[in-house]
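Structure, as C-alpha cells:
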Amino acid sequence: MKRSTLLILTSLLAIAGSLATLLWWAASGAAWFTLQKVLTTQTVVDEFGDKVDKEIWIDKFVPGLLDLAGPIAGALLVVAAIGFWFSRKDLKYTK
Amino acid sequence: MRRLLTALVLATSALALPAMADTPFVGKTGALTFGIDSAKSQLSFLSDAPMEKFKGTAEGITGEFKIADAAVPGGVTGKVIVPVAKMKTGNDLRDAHLKDKEWLNGGVNPNITFEIEKAEITKVDGTRASGKAHGKFTVNGKSVSKDMTIDIAYAADRNAIKVTAKFRVSLADHDIKGVAGAAGSKVGNVIEIEATLYGTGK
C-alpha cells in the first residue's frame, strides 16, 4: 500500500473516531463535565404518608464534552488534518 | 335566657377553636425537642449557570429543633448543621473544588449552619403547619439573616417531626468569589436549596 493511501485511510479513520466520540458523548447524556456518579430520584411514601423524592447517587460514568470527549475528538481531528496534509505532499512529489 | 346562653356557648366555642388549631403539636404541652435524624434527612442544591446546570446533595445533616411551648410553634429555635465534606455533585473533581478556599473553604469552615431564631406560622391544618423560619444562615464563615419557607408535619404517636424548607442562597452574600470566571458562568450566582429534615423527639 502506498504511503499516501495509508495516510488518507488513517485520516478517514481519525475523522470517524472523532465523530464516534462525539456521538458517544451525546448518547451518554451530553454532560459538559465528566460525571462519576449520577443522581437518581425515587418517589417513596415516607412515615408521614407523604410522597417524597428520595435522591440516590448511583455509580455511572458519563463523559464530559469539555474535559474528555471534546479533547479526544479534537486530537483525532488534528491527526486527520496532519494525515491529509502529508498525503497531499506525497501525491505532489509522486506527480 | 336560653338564647343568650346558646349564643355565649357558640361564641366561646368559636373563640376556642382557632386557639386549638394554632399548633400542629396536637395533644402536647410544654417544651419539645427534636433531634435531626441524619440517615433519613436530605438536602439538595441546584446550580443553574449559563455553561452548566448541576444538582448536588449534602448528607450527614445534624442538629435539633426546640419548641419552648407546644402551643406556640412560632417559638421554635434550633440549629441545622450541614458538613461541607459530605456535599456531592457527581463529579469528583468538582466535589474537591467545592471545598477549596475559593468556594466553601471547608478546611476553615467545615459546616454550613442555620440557627433558627423564630418561625412565623401562617397556616395550621391538623398536625401540619406552614410558614416561614427566620434565623442566621452561615456559609463560608459569613452569616446573613435569612427567612425560609417551611412546612411542618408532626406525628403525635411517634413524637416525630418533618420539616421541609426551600430557599435560595446568593454566593455574594457569603463572600464566595470562586475561581476567576467560574462564578456566574459554570456555577450559578444563586443556589436553590431544598431540605427535608426528619426529627425524633428527645
ask   = Among B:Val163, B:Val190, B:Val144, which comes first, second and so on when ranked by fewest other beta-carbon atoms within 10 Å?
value = B:Val144, B:Val190, B:Val163
request  = May I ask for the angle, rounded to the nearest 10°, between helix A:70-94 and the longest principal axis of chain A, with both axes built from Cα atoms and the value confined to 0 to 90°?
outcome  = 10 degrees
inquiry  = For segment B:96-197, take N as its residue count and report Rg(C-alpha) divided by 2.2 N^0.38 Å.
reply    = 1.28
query = If you average the sequence gap of Cα pairs under 8 Å that are 6 or more apart and divide by the length of chain A, what percent do you get for the contact order?
reply = 41 percent
note = Computed on Cα atoms, Rg of the protein assembly as shown relative to 2.2 N^0.38 Å comes out at 1.50
remark   = Pairs over 26 Å Cα to Cα, from B:Lys142/B:Lys186; A:Lys51/B:Lys142; B:Lys86/B:Lys136; B:Lys55/B:Lys123, come to A:Lys51/B:Lys142; B:Lys55/B:Lys123
Theoretical FRET efficiency, 1/(1+(r/R0)^6), r = Cβ-Cβ of B:Ser143 and A:Trp24, R0 45 Å, to 0.05 = 0.45
key: Debye log10 I(q)/I(0) for segment B:72-146, one point scatterer per Cα, at q = 0.12 Å⁻¹   = -0.46
query = What is the extension gain from A:Ala75 to A:Asp46, computed as 0.36 nm multiplied by their sequence separation minus the C-alpha to C-alpha distance, in nm to one decimal?
reply = 5.4 nm
note = Taking placed amide H atoms and a strict 5 Å upper bound, the residues 5 or more places from B:Glu117 or on another chain that come that close are B:His134, B:Gly135, B:Lys136
request  = Over the residues of segment A:3-94, compute the C-alpha Rg and express it relative to 2.2 N^0.38 Å.
outcome  = 1.80
Packing-based exposure ordering (other Cβ within 10 Å, fewest first) of B:Met51, B:Met87 = B:Met51, B:Met87
request  = Taking the Cβ of each residue in A:Thr43, B:Thr57 as the centre, tally the other Cβ atoms inside 10 Å and list the residues starting with the fewest.
outcome  = A:Thr43, B:Thr57
query = Between B:Thr113 and A:Asp67, what FRET efficiency follows from the Cβ-Cβ distance if R0 is 41 Å, with the result rounded to 0.05?
reply = 0.80
request  = Tell me the Kirkwood hydrodynamic radius of chain B in angstroms, computed as one over the mean inverse distance between distinct C-alpha pairs.
outcome  = 18.6 Å
query = If one takes the longest principal axis of the Cα atoms in chain B, at what angle in degrees, from 0 to 90 and to the nearest 10, does the Cα axis of helix B:2-20 lie?
reply = 20 degrees
key: Average Cα contact separation per residue, chain B, under 8 Å, 6 or more apart, as relative contact order %   = 24 percent
ask   = Measuring from a point 7 Å past the Cα of B:Arg168 along Cα-to-C-beta, which residues in segment B:116-141 have an amide N at less than 20 Å?
value = B:131-140
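Taken together, the values in this text are just the output of simple stated rules run on the coordinates, not laboratory data. Quick caveat, the model's predicted, so the values are computed rather than measured. Glycine also receives a Cβ, built like all others from the backbone with ideal geometry; neighbour counts cover every protein chain displayed.
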